[in-house]
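Here the structure is laid out as structure tokens; the discussion comes afterwards.
The values are calculated or read from the model by the stated rules, or taken from the named source; none is laboratory data. Just so it is clear, the model here is predicted, and its values are computed rather than measured. Quick reminder, even Gly has a Cβ in these numbers, built from the backbone with ideal geometry, and neighbours come from all protein chains shown. The accessibility values were calculated without ligands, DNA or RNA, using every heavy atom of the protein model including side chains. Shrake-Rupley method; radii C 1.70, N 1.55, O 1.52, S 1.80 Å.
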Amino acid sequence: MHYELFHIGRLHFYSYGLMIAIGVIACLFLAERRCKKYGLDGNRIYSLGFAGLFGGLLGAKLMFFIVEWKAILADPSLLLDVGNGFVVYGGIIGGILAGFLYTKIKKLNFLKYFDMTMPSVALAQAFGRIGCFLAGCCYGKETDSAWGVVFHNTPMAPTGVRLIPTQLISSAGDFLICFLLCMYARKSKKDGQVAGAYLLLYSIGRFLIEFLRDDPRGTVGMFSTSQFISLLLFAAGVIYLVCIQKFVPNKNEIMKQ
């Protein structure tokens with residue numbers, strides 16, 4: 001498990017950053033291909049993608065400040081560490097809000113582009129979790145099973161003990177979500193349903209994987225912070241899909257008009 005791949009002078013290259021970069025490239029590539037398939041403007045996807053990336057980074061950082069407010073009060077210098085301390089759920093929320101604002105400014109159909117981008121988001125998350133594995137963060141509980149992994153060269157995970165590879169399990173789940181959403185997009189009858197399916201699938205997967213993780217994540221009652229947010233996201237996804245079902249016309253009805 002390599003935290004730093006190599007360095008040139010004072011310029012350091014890390015495995016986590018590399019996987020994030022691969023994830024962003026794969027995300028944009030898949031979205032552009034799917035835009036062409038579904039008759040959307042593929043050129044828009046890059047501007048939308050960068051808007052979502054900016055909003056996602058900002059949201060992830062703000063959520064970290066919210067979740068870790070006690071630690072920040074004890075050590076305000078954490079506010080100055082811009083390279084570490086991000087929460088995935090904040091990134092999802094921030095990215096969606098940024099995408100919504102972009103489509104409204106450009107007068108685009110938000111639901112169509114929302115559906116278009118969410119499979120790509122799942123793909124980017126899948127590569128990001130591989131980066132977590134290489135860096136040693138987001139690690140799992142100790143295990144005696146043969147499929148456990150031992151970290152040796154990371155400042156984040158416990159070293160020398162066998163741990164559940166929760167990062168790779170999460171990555172496999174994100175790849176699966178990406179595939180399922182792409183398949184569902186071929187059969188969905190209303191704009192917005194694919195994105196709603198993402199909200200449900202991701203929140204369920206994240207809620208379950210939390211039982212296997214053992215890195216510090218905070219708690220809200222009997223749940224980890226991420227599990228509590230998962231419950232909120234799942235509820236939001238259900239409400240969202242109910243609204244889509246009630247207020248959004250079928251795609252074939254729009255075509256007839």
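Give the shape of segment 159-257 as rounded, prolate or oblate, defined through the alpha-carbon gyration tensor: a ≥ b ≥ c are the square roots of its eigenvalues, a/c under 1.5 means rounded, and otherwise the shape is prolate if a/b is larger than b/c and oblate if not.
oblate
Suppose accessible area is computed on protein heavy atoms with a 1.4 Å probe; arrange Arg33, Arg162 from highest to lowest.
My answer, sorted largest first, is Arg33, Arg162.
For the pair Ala146/Ser77, report the inter-label distance in nm, with labels modelled 7 Å from Cα in the Cβ direction.
Once both label points are built, they end up 4.7 nm from each other.
Could you report the accessible area of Glu142 in Å², rounded to 10, computed with a 1.4 Å probe on the protein chains as they sit in the structure?
It works out to around 130 Å².
At 1.4 Å probe radius, can you tell me the per residue accessible area of the chain in Å²?
Accessible area per residue, the chain: 56 Å².
With the chain treated as a Gaussian network of Cα nodes joined by springs under 10 Å, which of Ala21, Ala126, Ala74 yields the largest mean-square fluctuation?
Highest fluctuation among the options: Ala74.
Could you state how much accessible area Lys70 has, in square angstrom rounded to the nearest 10, with a 1.4 Å probe and all protein chains kept in place?
140 Å²
Report the calculated FRET efficiency for Leu232 and Phe54 (r = Cβ-Cβ distance, R0 = 30 Å), to the nearest 0.05.
My answer for the efficiency is 0.80.
Tell me, what is the 1.4 Å probe accessible area of Ile105, in Å² to the nearest 10?
Rounded to the nearest 10, the figure is 130 Å².
In degrees from 0 to 90, rounded to the nearest 10, what is the angle of the helix 193-209 Cα long axis to the longest principal axis of the chain?
20 degrees
Placing unit charges on C-beta atoms (Lys and Arg positive, Asp and Glu negative, everything else neutral), compute the dipole magnitude of the chain about its Cα centre in debye, rounded to 20.
Dipole magnitude for the chain comes out near 1300 debye.
Mind checking the angle between helix 225-247 and the chain's longest principal axis? C-alpha axes, 0 to 90 degrees, to the nearest 10.
0 degrees
For the chain, modelled as a GNM with alpha-carbon contacts under 10 angstrom, which of Lys141, Lys104, Lys61 fluctuates the most?
Highest fluctuation among the options: Lys104.
Mind giving me the FRET efficiency for Leu108 and Leu180? R0 is 30 Å, r the Cβ-Cβ distance, nearest 0.05 is fine.
0.75
Hey, if you put +1 on the Cβ of every Lys and Arg and -1 on every Asp and Glu Cβ in segment 183-237, which of Leu232, Gly205, Val194 ends up farthest toward the positive end of that dipole?
Value: Val194.
If you put +1 on each Lys and Arg Cβ and -1 on each Asp and Glu Cβ, how big is the dipole of segment 166-257 around its Cα centre, in Debye rounded to 20?
For this selection, approximately 520 debye.
Under a point spin-label approximation (7 Å from Cα along Cα-to-Cβ), what is the Lys37-Val220 distance to one decimal in nm?
3.5 nm
State the answer as a single residue: which of Ile25, Leu40, Met222 lies farthest towards the positive end of the charge dipole of the chain, with beta carbon charges of +1 for Lys and Arg and -1 for Asp and Glu, about the Cα centre.
The one lying farthest along the dipole's positive direction is Leu40.
Over the chain, what percent of the accessible surface lies on carbon and sulfur atoms, probe 1.4 Å?
69 percent
Can you give the charge dipole size of segment 83-179 about its Cα centre, rounded to the nearest 20 debye, using +1 on the beta carbon of Lys and Arg and -1 on the beta carbon of Asp and Glu?
460 debye
How would Arg186, Arg129, Arg10, Arg44 rank on accessible area, largest to smallest, probe 1.4 Å?
Arg10, Arg186, Arg44, Arg129
Quick check: from the Cα gyration tensor, does segment 52-192 come out rounded (a/c under 1.5), prolate or oblate? Kindly include the intermediate steps, with their values, before the conclusion.
Details: a/c = 3.32, a/b = 1.34, b/c = 2.48.
In terms of gyration-tensor shape, oblate.
Using a ≥ b ≥ c from the Cα gyration tensor of segment 139-187 (square roots of the eigenvalues), is it rounded, prolate or oblate, where a/c under 1.5 gives rounded and otherwise the larger of a/b and b/c decides, a/b for prolate?
Working: a/c = 5.14, a/b = 2.89, b/c = 1.78.
It comes out prolate by the Cα gyration axes.
Run the reach check for Lys37 against lysines, Cα to Cα strictly under 25 Å, same-chain hits fewer than 8 apart removed. What comes back?
Hits, sequence-local ones excluded: Lys104, Lys106, Lys107, Lys112, Lys187, Lys189, Lys190, Lys251, Lys256.
Going by alpha carbons, how many degrees (0 to 90, nearest 10) lie between the helix axis of 15-37 and the longest principal axis of the chain?
Its long axis makes an angle of about 10 degrees.
Just to make sure I understand: if all protein chains stay in place, what is the order of Asp214, Asp191 by accessible area at 1.4 Å, largest first?
Asp214, Asp191
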